[in-house]
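Q: Shown below is the structure under consideration.
What follows is calculated from the coordinates using simple rules that are stated; it is not laboratory data. The structure presented is a predicted model; accordingly, all values stated were derived computationally and were not measured. Don't worry about glycine lacking a Cβ; one is built from the backbone with ideal geometry, like all the others, and counts go over all protein chains shown.
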Amino acid sequence: MQTDRRVAAYLGRVLTGVGPIGTCFQVAPGVLVTAWHVLDAAAAGEKGDILPVDPLGRGPARQAQVQSVDPVHDLAVLVTGDPLEASVKGLAASDEVIKATAVLITGVADVVDPGHNYRYLDASGRWAGGTTRDDRIALGRVTSSDVMRGMSGAPVLAGELVAGVVSARYNSMDGWGRDSVWVARTEDLVPLLNGTCDVGLARQGEGASPKTDIFAIVDALLNMEAITDEGGRREVLRQLPPNIAAAIPYHAVPRLQVLAMVRTCLGYPDGLKELLDVIRAIEPDSNAMRQLDATAARAFPHLLGYGLRRKLPGTREVRS
C-alpha cells in the first residue's frame with residue numbers, strides 16, 4: 001500500500017510481535033520520542049533494549065534502540081539508523097501554553113469495531129492547563145473525547161509545535177474528570193534528549209531555540225553523501241590522522257557516530273580542520289560542502305583560523 005500522505009511523516013508506531021502498542025514521533029533525524037510505559041508494556045523499557053517501529057502513514061519497519069528513559073515522567077527516547085521521513089518543527093514549553101488553546105493528537109487507534117481496523121485517528125481537543133501528581137510529578141492536561149488506546153506517546157500539537165507527549169487518558173467511572181488526558185511535559189523531555197540531539201523549547205513570542213554549535217555541524221554533516229553512507233564514514237575515519245581516528249567510538253546509528261566524530265575532533269587542536277579537509281577531499285565543490293564550511297566557520301572560527309574578512313572555501317567573504 002502507498003503511504004498515507006494525510007499522516008505527518010514524523011509520526012510512527014511502536015510495534016510488538018502481535019501489532020502496534022503505541023505511538024512515537026521523530027524530533028531529529030533518527031531520534032524518536034514515546035511514552036515510557038509503551039516500551040515497558042513491550043518488555044523494552046530499559047536503556048539498550050531494541051524493538052521495531054514503523055511509519056504511522058505506512059512503510060517498512062525498522063529497528064530502534066532505547067537511548068534514555070524517564071519512568072517517573074513517562075518519557076523515553078529511541079534512536080534508529082533508518083530515520084522517518086520528517087521531524088517535528090519544534091517543542092513549545094508546556095507550562096506556557098495558553099489555556100483553551102486548540103490542540104491536535106494523531107496516533108495509533110485501538111478502535112473496537114468487529115471486522116475492521118483503523119491505522120490511526122486524529123483527536124482534537126483543548127489545552128486545559130496542568131496538575132501535579134503525588135506532590136512531585138508535574139503534568140500537562142488536555143480535554144478531548146477522542147483520544148484512544150494506542151495514542152500514548154503521541155505528540156500534542158499546539159499549532160506546529162509539540163506542547164507535550166500523551167501519557168494516559170483518565171477514564172472516569174462516575175463522570176468526574178471526564179475526557180481528561182494526562183500529558184508529559186516538554187520541560188521534562190528536553191533533558192532526556194541531551195547528548196543525543198539538541199532541540200530547544202520555544203518560549204512565548206519566540207520561535208524554536210537555535211541549535212548548539214556542535215549539533216549544527218552534525219546536521220550539516222548528515223546532509224552529505226560522504227557521511228550518510230556507512231562506507232563513506234569508514235573512509236573518512238581511514239583518512240583522519242590515526243590518533244584521532246582511534247579515539248572515535250563506533251556507533252551503529254549514523255547520527256550518534258557523526259556526533260562522536262565531531263566531539264572527538266574538537267578535542268584535538270586541529271581536529272575539526274582535519275575532519276573538514278578529509279571530507280572536502282572526498283566530496284569537493286558540493287553545495288553540502290559549502291554549507292558545512294559556512295556552518296563550521298560560524299560555530300568555531302577560532303579553531304579554523306578565520307579572522308576578520310577571511311575568505312572561506314567556496315564562499316565570497318565571511319566576517320567574524
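Q: Cα centroid distance between region 112-167 and region 86-106, in Å?
A: Region 112-167 and region 86-106 have Cα centres spaced 11 Å from each other.
Q: Give, rounded to the nearest 20 debye, the magnitude of the charge dipole that the chain has about its Cα centre when Lys and Arg contribute +1 at Cβ and Asp and Glu contribute -1 at Cβ.
A: Working: 33 positive and 37 negative charges, 147 e Å.
Rounded to the nearest 20 debye, it is 700 debye.
Q: Using a 10 angstrom Cβ neighbour count of at most 15 plus a DSSP loop assignment to flag exposed GluC sites (Glu not before Pro), which longest range of the chain is free of such sites?
A: 207-316
Q: Considering lysine pairs in the chain that are 8 or more places apart or on different chains, how many have Cα atoms under 30 Å apart? Show your work: numbers first, answer last.
A: Working: Lys47/Lys89; Lys47/Lys211; Lys89/Lys99; Lys89/Lys211; Lys99/Lys211; Lys211/Lys273; Lys211/Lys311; Lys273/Lys311.
Close lysine pairs found across the chain: 8.
Q: Assign one of three labels to region 1-190, namely rounded, prolate or oblate, based on the Cα gyration tensor with a ≥ b ≥ c the square roots of its eigenvalues; rounded applies when a/c is under 1.5, prolate when it is not and a/b is larger than b/c, and oblate otherwise.
A: Judged from the Cα gyration tensor, region 1-190 comes out rounded (a/c under 1.5).
Q: Hey, fewest Cβ within 10 Å first, where do Cys197, Cys24 land in order? Could the numbers behind the result be given before it?
A: Details: Cys197 23, Cys24 33.
By the 10 Å Cβ count, ascending: Cys197, Cys24.
Q: Which one, Leu84, Gly48, Leu15, is farthest towards the positive end of the dipole of the chain when Lys and Arg carry +1 and Asp and Glu -1 on their Cβ?
A: Leu84
Q: Given only helices, namely DSSP H runs of n ≥ 4 each adding -39500 (n - 2.57), what is the per-residue ellipticity at 222 nm of the chain, to the nearest 500 deg cm²/dmol?
A: Mean residue ellipticity at 222 nm (helix-derived): -7500 deg cm²/dmol.
Q: On a C-alpha basis, how far is the centre of region 268-301 from the centre of region 55-83 in Å? Whole number, if you could?
A: So the separation of the two Cα centres works out to 31 Å.
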